[in-house]
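Down below is the structure, laid out as structure tokens.
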Amino acid sequence: MEQNIQSIPIDIQSSKLLDWLLDRRHCDLKWQNAVKTIREKINVAIQDMPENQEITQLLSGSYIHYFHCLRIVEILRGTEASSKNIFGRYSSQRMKDWQEIVSLYEADNVYLAEVASLLSRNVSYEGPALRKQLAKAQQLQQELSRREVECQSSAADLRERYYAACKQYGITGENVARELQALVKDLPAVLEEVGKDSGKLEEQIRLYATFTNFVCEWSEPVLPMLTFAQTRGNTTFYEWRTGKVPTVVERPVDEAAPSGSATDDMIDWGDFGQGADSAGVNSGIAVEDGIDWGISVEPNSEDAGAGGIDWGDSEAAPIEIEIVDVGTDCPEGVARGEDASSLLENSQSRSQFIDELMELEVFLTQRLSEMGEEGDVVSMSQFQLAPSIIQSQTQKHVREMLSQVQDLLHRLTTLRMQHLFMIQASPRYVERVSEVLRQKLKQAEILVLKGATMVEKRQEALEEQSRLEPRVDLLAGCTRDLQKLIEADVSKRYNNRPVNLMGVSL
């Protein structure tokens, strides 16, 4: 029976080990006071240690407990052998200090309570804390990797949107402001081509006018702007407004003359004032001898005499100034200001041109739809008295005419043309567009820098993981060693019964 009991293992939960030892009177309840005294003696003793690699390794960074002290005593027996007297005692203070420490540890089994507390702390606190830090470092690396990919993707998306926007403007995006201004320089030629192609709308305009007159007996002229452009092209707004061809077209100068360069309108004063005295230089006027200007001023005379300047009577009636509207003094036949712009450059006439194109498009679209439904006798009888231009139309021909109108309309209303018209109307629009596009690139650059920051932080998290992993391994190894030592020590107290510490896992 007793032999069967000896074979039954003693299972102890590691978190309850210290309580188990105290309950069974293996350790004293006041063991912590004794440990405090022992720790002070250990701190003093380690200040004077022999040069030994194993001792250095024992004392480096790890918590020194009872079993370390036993090993240090064993090592000192070899290093301090010369200090042993004839009575077998050591005269070395080092050996005396560590032997005293071992004796204090063994009194009331203080060492067993300490290592049990150390084991429980490693299992319940130190191990979980290190594992938590390690998991946090690994999770942070994954999060930073994800954010790095997001930054790279967003930066690429912003660049793609930048170049897509530039493509809509019809530029490459290398120098936005310069390229936009270059497009505006080509705008008159594009509009001139549209005006020339509007001359091909004669049949569409005539069909619309005839149809309107036949159905509604409409006597007013239809599509006046298209009719005018169809015969005269993209002429000046002055010619559209007055019906007369201008003799002189004075277009505004887009680019100002460079600073420091003389133009034809500037006055060349020559070397005026050179060689004059200081008074002449300061006043900016130099009077040369021998020139009679016919004007003299008498500062001391109260009344203007002969040869003086008659300034008029200050009490006389005030001078009336007549304000004349700008442009009213423009000579006949001279196109100036808005009158000098072409029909498609002028916003007012261009809007009317586009409106009439859309009106013509709607008519042809509706007519094409109606022609597809004119298969019954009633609808055919409605156009028996219609002019030949209406009756002779076929769906194919009307579709071709509609295609011509839609082509012109598309060429004037594309997003690129809208931007060009805005740039032409307001030079500051170029600055705004350039700034909006630059913001996309700037945001992309910021995201690239942010992605680089993510890489640096991820590297820091990787270094933190590399620093924590050895600590986790070291703690796990120390805990396993403590587990074996405690199990062996407790087993001796129970006639070598097997002892198992449960829950020791890091």
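Worth a mention:
- Residues Lys450, Lys200, ordered by accessible area of protein heavy atoms at a 1.4 angstrom probe radius and largest first, appear as Lys200, Lys450.
- A simple spin-label model places the labels of Gln133 and Ile5 4.7 nm from each other, with each point 7 Å out along Cα-to-Cβ.
- Zone of Gln443's modelled label, taken as backbone nitrogen in region 114-153 under 16 Å from a point 7 Å along Cα→Cβ: 150-153
- Of all lysines in the structure, the ones whose alpha carbon falls short of 26 Å from that of Lys396, not counting any fewer than 8 places away in one chain, are Lys196, Lys200.
- Annotation: amide H-H contacts under 5 Å for Leu343 (H modelled 1.01 Å from N, sequence separation of 5 or more, or interchain): Thr235, Phe237.
- Computed from the C-beta positions of Glu435 and Thr247, the FRET efficiency with R₀ = 45 Å rounds to 0.55.
- Computed over protein heavy atoms with a 1.4 Å probe, the carbon and sulfur contribution to the accessible area of region 371-506 reaches 53%.
- To the nearest 10, the accessible area of Glu463 is 110 Å² with a 1.4 Å probe.
- Environment charge of Lys457, counting only residues whose C-beta is closer than 10 Å and scoring Lys/Arg +1, Asp/Glu -1: -2
- Protection proxy ranking of 204-211, 413-420, by the mean of other Cβ atoms within 10 Å over each peptide's residues and highest first, is 204-211, 413-420.
- For region 131-235, a Kirkwood hydrodynamic radius built from all Cα pairs, placed in the Stokes-Einstein relation at 20 °C and 1.002 mPa s, yields a translational diffusion coefficient of 109 µm²/s.
- Maximal additional length on extending the Leu368-Gln32 stretch stands at 110.6 nm, based on 0.36 nm per residue less the C-alpha distance.
- Taking 22 Å as the straight-line reach from the Cα of Lys132, the lysines in range (excluding those fewer than 8 positions away in the same chain) are Lys457.
- Lysines whose Cα lies under 28 Å from that of Lys30, excluding same-chain neighbours fewer than 8 positions away: Lys16, Lys41, Lys96, Lys484, Lys492
- FRET efficiency for the Ile46 to Ser403 pair, using the beta carbon distance and R₀ = 60 Å, is estimated at 0.05.
- If R0 is taken as 22 Å, the Cβ-Cβ distance between Glu193 and Ala386 corresponds to a FRET efficiency of 0.05.
- Accessible-area order (highest first, 1.4 angstrom probe) of the listed residues Met225, Met422: Met422, Met225
- Of the GluC sites (Glu not before Pro) found in region 199-246, those that fall in a DSSP loop while having at most 14 other beta-carbon atoms within 10 Å are Glu217.
- Dipole moment magnitude, nearest 20 debye, region 389-456 about Cα centre, only Lys, Arg, Asp, Glu C-beta charged: 80
The values are calculated or read from the model by the stated rules, or taken from the named source; none is laboratory data. Everything numeric here is computed off the predicted structure, so don't read it as measured data. Because the Cβ atoms are built from the backbone with ideal geometry, glycine has one as well, and the counts that use them run over all protein chains shown. The area values use the complete protein model at the heavy-atom level, side chains included, leaving out ligands, DNA and RNA. Shrake-Rupley method; radii C 1.70, N 1.55, O 1.52, S 1.80 Å.
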